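First up is the structure itself, then whatever we jot down about it.
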Amino acid sequence: MSRHILEKWMHCEVAAGREPAAQTIGDFERALGDATDERPLQMFLASFPVLLAPLAQPGGKIWCLDRPRLGSEFVPDFLLASITSVGFQWTLIELESPAERALTRAGLPAKKLAEALKQVRDWRTWLTDNVAYARSELGLKDIDSTCTAFVVIGRRDVIDPKQIKTYRALSTDSVTVMSYDRLLEHMNLAARGRQALNG
(Lines give C-alpha, C1' and ligand atoms only; values in the text may rest on other atoms or scores of the structure.)
Protein backbone atom coordinates (compact mmCIF):
# COMPACT_ATOMS: atom_id res chain seq x y z
CA MET A 1 0.00 0.00 0.00
CA SER A 2 1.06 3.57 -0.55
CA ARG A 3 3.13 5.37 2.02
CA HIS A 4 0.52 8.15 1.76
CA ILE A 5 -2.43 6.02 2.84
CA LEU A 6 -3.53 5.01 6.34
CA GLU A 7 -4.43 1.42 5.50
CA LYS A 8 -6.18 0.69 8.78
CA TRP A 9 -8.10 3.97 8.74
CA MET A 10 -9.12 4.39 5.09
CA HIS A 11 -12.77 4.73 6.13
CA CYS A 12 -11.81 7.83 8.15
CA GLU A 13 -10.57 9.91 5.23
CA VAL A 14 -12.35 13.27 5.06
CA ALA A 15 -13.44 13.02 1.46
CA ALA A 16 -15.12 16.44 1.35
CA GLY A 17 -11.82 18.28 1.73
CA ARG A 18 -10.75 20.87 4.24
CA GLU A 19 -13.45 23.52 3.77
CA PRO A 20 -16.73 23.05 5.64
CA ALA A 21 -20.00 24.31 4.18
CA ALA A 22 -21.55 27.38 5.81
CA GLN A 23 -24.84 25.53 6.42
CA THR A 24 -23.06 22.75 8.31
CA ILE A 25 -21.31 25.33 10.48
CA GLY A 26 -24.66 26.96 11.18
CA ASP A 27 -26.11 23.62 12.24
CA PHE A 28 -23.14 23.06 14.56
CA GLU A 29 -23.54 26.54 16.05
CA ARG A 30 -27.18 25.77 16.85
CA ALA A 31 -26.19 22.45 18.42
CA LEU A 32 -23.59 24.31 20.46
CA GLY A 33 -26.18 26.80 21.68
CA ASP A 34 -28.37 23.93 22.92
CA ALA A 35 -25.58 21.79 24.40
CA THR A 36 -25.18 21.40 28.15
CA ASP A 37 -22.13 19.14 27.82
CA GLU A 38 -19.75 17.95 25.13
CA ARG A 39 -21.52 14.71 24.13
CA PRO A 40 -23.88 16.05 21.44
CA LEU A 41 -21.02 18.13 20.02
CA GLN A 42 -18.75 15.09 19.84
CA MET A 43 -21.49 13.20 17.99
CA PHE A 44 -22.09 16.10 15.59
CA LEU A 45 -18.38 16.49 14.80
CA ALA A 46 -18.04 12.74 14.30
CA SER A 47 -20.83 12.97 11.70
CA PHE A 48 -19.26 16.03 10.01
CA PRO A 49 -15.50 15.65 10.55
CA VAL A 50 -14.73 18.27 7.92
CA LEU A 51 -15.58 20.82 10.64
CA LEU A 52 -12.40 19.80 12.46
CA ALA A 53 -10.24 20.00 9.35
CA PRO A 54 -9.06 23.56 10.15
CA LEU A 55 -7.27 22.16 13.22
CA ALA A 56 -5.27 19.66 11.19
CA GLN A 57 -1.67 20.38 10.28
CA PRO A 58 -1.21 21.95 6.82
CA GLY A 59 -0.91 19.38 4.09
CA GLY A 60 -2.94 17.36 1.62
CA LYS A 61 -5.56 14.76 2.45
CA ILE A 62 -6.75 14.45 6.02
CA TRP A 63 -8.20 11.69 8.14
CA CYS A 64 -10.38 12.08 11.23
CA LEU A 65 -10.36 9.18 13.70
CA ASP A 66 -13.36 9.21 16.04
CA ARG A 67 -12.44 8.13 19.59
CA PRO A 68 -9.48 5.93 18.63
CA ARG A 69 -8.07 3.76 21.38
CA LEU A 70 -4.49 4.25 22.50
CA GLY A 71 -3.90 0.86 24.06
CA SER A 72 -6.46 -0.22 26.64
CA GLU A 73 -6.45 2.96 28.72
CA PHE A 74 -6.74 6.12 26.64
CA VAL A 75 -9.34 7.35 24.16
CA PRO A 76 -8.93 10.86 22.69
CA ASP A 77 -12.13 12.37 21.31
CA PHE A 78 -10.52 12.80 17.90
CA LEU A 79 -7.20 12.19 16.21
CA LEU A 80 -6.52 14.04 12.95
CA ALA A 81 -3.88 13.06 10.41
CA SER A 82 -2.72 15.09 7.44
CA ILE A 83 -0.22 13.99 4.82
CA THR A 84 2.73 16.31 4.19
CA SER A 85 6.03 16.14 2.36
CA VAL A 86 7.67 14.70 5.49
CA GLY A 87 4.96 12.14 6.23
CA PHE A 88 1.88 12.13 8.40
CA GLN A 89 1.34 14.92 10.91
CA TRP A 90 -1.02 14.20 13.80
CA THR A 91 -3.32 16.31 15.97
CA LEU A 92 -4.98 15.20 19.22
CA ILE A 93 -8.32 16.79 20.17
CA GLU A 94 -10.07 16.66 23.54
CA LEU A 95 -13.54 18.18 23.92
CA GLU A 96 -14.91 19.40 27.23
CA SER A 97 -18.29 20.93 27.99
CA PRO A 98 -19.13 24.34 26.53
CA ALA A 99 -20.76 25.05 29.91
CA GLU A 100 -17.48 24.66 31.80
CA ARG A 101 -15.15 27.52 32.66
CA ALA A 102 -11.48 27.19 31.81
CA LEU A 103 -10.30 29.15 34.85
CA THR A 104 -11.35 29.48 38.46
CA ARG A 105 -11.92 32.91 40.00
CA ALA A 106 -8.38 32.63 41.37
CA GLY A 107 -7.05 32.28 37.83
CA LEU A 108 -6.12 28.59 38.13
CA PRO A 109 -7.12 25.89 35.62
CA ALA A 110 -10.61 24.73 36.55
CA LYS A 111 -11.20 21.07 37.37
CA LYS A 112 -12.34 19.95 33.90
CA LEU A 113 -9.55 21.81 32.15
CA ALA A 114 -6.96 20.40 34.55
CA GLU A 115 -8.28 16.91 33.86
CA ALA A 116 -8.14 17.48 30.10
CA LEU A 117 -4.56 18.76 30.25
CA LYS A 118 -3.60 15.72 32.30
CA GLN A 119 -5.20 13.49 29.68
CA VAL A 120 -3.05 15.11 27.01
CA ARG A 121 0.05 14.50 29.13
CA ASP A 122 -1.01 10.88 29.64
CA TRP A 123 -1.50 10.40 25.89
CA ARG A 124 1.95 11.80 25.22
CA THR A 125 3.51 9.53 27.84
CA TRP A 126 1.75 6.52 26.33
CA LEU A 127 2.97 7.47 22.84
CA THR A 128 6.52 7.90 24.13
CA ASP A 129 6.43 4.43 25.67
CA ASN A 130 4.52 2.71 22.86
CA VAL A 131 5.36 4.57 19.66
CA ALA A 132 6.40 1.47 17.70
CA TYR A 133 3.15 -0.29 18.68
CA ALA A 134 1.08 2.77 17.79
CA ARG A 135 2.67 3.02 14.35
CA SER A 136 2.67 -0.66 13.39
CA GLU A 137 -0.24 -2.27 15.24
CA LEU A 138 -2.63 0.68 15.45
CA GLY A 139 -1.73 1.96 11.99
CA LEU A 140 -0.91 5.49 13.18
CA LYS A 141 1.94 6.08 10.74
CA ASP A 142 4.65 8.53 11.84
CA ILE A 143 2.86 9.48 15.07
CA ASP A 144 4.95 10.48 18.08
CA SER A 145 4.48 12.17 21.43
CA THR A 146 5.23 15.65 20.08
CA CYS A 147 2.08 15.85 17.97
CA THR A 148 -0.07 18.94 18.30
CA ALA A 149 -3.00 18.88 20.76
CA PHE A 150 -6.12 20.99 21.28
CA VAL A 151 -8.42 21.19 24.29
CA VAL A 152 -11.76 22.82 23.48
CA ILE A 153 -13.69 24.04 26.51
CA GLY A 154 -16.21 26.73 27.47
CA ARG A 155 -17.46 29.86 25.75
CA ARG A 156 -15.64 33.13 25.25
CA ASP A 157 -18.26 35.31 26.94
CA VAL A 158 -17.62 33.78 30.38
CA ILE A 159 -13.89 34.53 30.37
CA ASP A 160 -13.16 37.33 32.86
CA PRO A 161 -11.48 40.19 30.94
CA LYS A 162 -9.04 40.48 33.84
CA GLN A 163 -7.93 36.91 33.16
CA ILE A 164 -7.29 37.19 29.42
CA LYS A 165 -3.50 37.05 29.80
CA THR A 166 -3.78 34.11 32.18
CA TYR A 167 -6.11 32.34 29.77
CA ARG A 168 -3.78 32.85 26.82
CA ALA A 169 -0.87 31.53 28.89
CA LEU A 170 -2.70 28.19 29.18
CA SER A 171 -1.65 27.45 25.60
CA THR A 172 1.89 26.26 24.98
CA ASP A 173 3.87 25.05 21.99
CA SER A 174 2.49 21.56 22.50
CA VAL A 175 -1.16 22.18 23.45
CA THR A 176 -3.68 24.88 22.60
CA VAL A 177 -6.62 25.65 24.88
CA MET A 178 -9.49 27.27 23.00
CA SER A 179 -13.14 28.11 23.47
CA TYR A 180 -15.87 26.75 21.22
CA ASP A 181 -16.20 30.28 19.84
CA ARG A 182 -12.62 30.17 18.63
CA LEU A 183 -13.27 26.77 17.06
CA LEU A 184 -16.24 28.32 15.24
CA GLU A 185 -13.96 31.09 13.99
CA HIS A 186 -11.60 28.51 12.52
CA MET A 187 -14.55 26.82 10.80
CA ASN A 188 -15.87 30.08 9.37
CA LEU A 189 -12.45 31.12 8.07
CA ALA A 190 -12.18 27.80 6.25
CA ALA A 191 -15.70 28.20 4.85
CA ARG A 192 -14.87 31.67 3.51
CA GLY A 193 -11.89 30.14 1.77
CA ARG A 194 -14.22 27.61 0.16
CA GLN A 195 -16.60 30.36 -0.96
CA ALA A 196 -13.73 32.35 -2.47
CA LEU A 197 -12.58 29.31 -4.44
CA ASN A 198 -16.11 28.59 -5.65
CA GLY A 199 -16.90 32.25 -6.36
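The values are calculated or read from the model by the stated rules, or taken from the named source; none is laboratory data. Given the structure is predicted, the values throughout are model-derived calculations rather than measurements. All Cβ positions, even for glycine, are placed from backbone atoms using ideal geometry, and neighbour counts span all protein chains on display.
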For the structure I just gave you, tell me whether Thr172 is free of Cβ contacts under 8 Å to residues at least 60 places away in the same chain, within 19 Å of Leu79 (Cβ to Cβ) and out of contact with any Asp or Glu (no Cβ under 8 Å at 6 or more places or on another chain). no
When you look at Ala191, is it in contact with a helix residue (DSSP H, G or I) (Cβ under 7 Å, 6 or more places away or on another chain), farther than 26 Å from Pro68 by Cα, in contact (Cβ under 8 Å) with a residue 40 or more places away in the chain and among the hydrophobic types (A, V, I, L, M, F, W, C), yes or no? yes
Does region 170-190 include one or more residues that are in a loop (DSSP other than H, G, I, E, B) and more than 18 Å from the chain's Cα centre (by Cα)? no
Hey, Glu7 charged (D, E, K, R) and in contact with a Lys or Arg (Cβ under 8 Å, 6 or more places away or on another chain) or not: no
Here is a check on your reading of the model: is Thr146 in a helix (DSSP H, G or I) and of a type in the set (S, T, N, Q)? no
Check region 83-104 and report whether any residue there is at pLDDT 95 or above, surrounded by fewer than 16 Cβ atoms within 10 Å (Cβ to Cβ) and over 18 Å from Val131 (Cα atoms). yes
Restrict the check to region 70-77 and report whether at least one residue is under 16 Å from the mean Cα position of the chain (by Cα), surrounded by 22 or more Cβ atoms within 10 Å (Cβ to Cβ) and not basic (Lys, Arg). yes
Does Ala149 qualify as being at pLDDT 95 or above, buried (at least 17 other Cβ atoms within 10 Å of the Cβ) and under 18 Å from Leu80 (Cα atoms)? yes
Can you name every residue in region 6-41 that is free of Cβ contacts under 8 Å to residues at least 60 places away in the same chain, buried (at least 17 other Cβ atoms within 10 Å of the Cβ) and more than 14 Å from Asn188 (Cα to Cα)? Cys12, Val14
Based on what the data block shows, is Leu138 within 16 Å of the chain's Cα centre (by Cα) and not hydroxyl-bearing (Ser, Thr, Tyr)? no
Listed by first then second residue, the pairs whose first member lies in region 112-135 and is more than 16 Å from Thr146 (Cβ to Cβ), whose partner is loosely packed, with under 14 Cβ neighbours inside 10 Å, with beta carbons under 9 Å and at least 6 positions apart or on separate chains, are Ala114/Leu108
Among (1) touching a helix residue (DSSP H, G or I) at 6+ places or on another chain (Cβ under 9 Å); (2) surrounded by fewer than 17 Cβ atoms within 10 Å (Cβ to Cβ); (3) under 25 Å from Ala106 (Cβ atoms), where does Val177 come up short? (2)
Of the residues in region 93-104 that are in contact (Cβ under 8 Å) with a residue 40 or more places away in the chain and of a type outside the set (A, V, I, L, M, F, W, C), the one that is farthest from Val158 (Cα to Cα) is Glu94
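Here's the yes/no breakdown for (1) without any contact (Cβ under 8 Å) to a residue 40 or more places away in the chain; (2) within 18 Å of Val177 (Cβ to Cβ); (3) assigned to a loop (DSSP other than H, G, I, E, B):
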site	(1), (2), (3)
Leu51	no, no, no
Gly59	yes, no, yes
Trp63	no, no, no
Pro76	no, yes, yes
Phe88	no, no, no
Thr91	no, yes, no
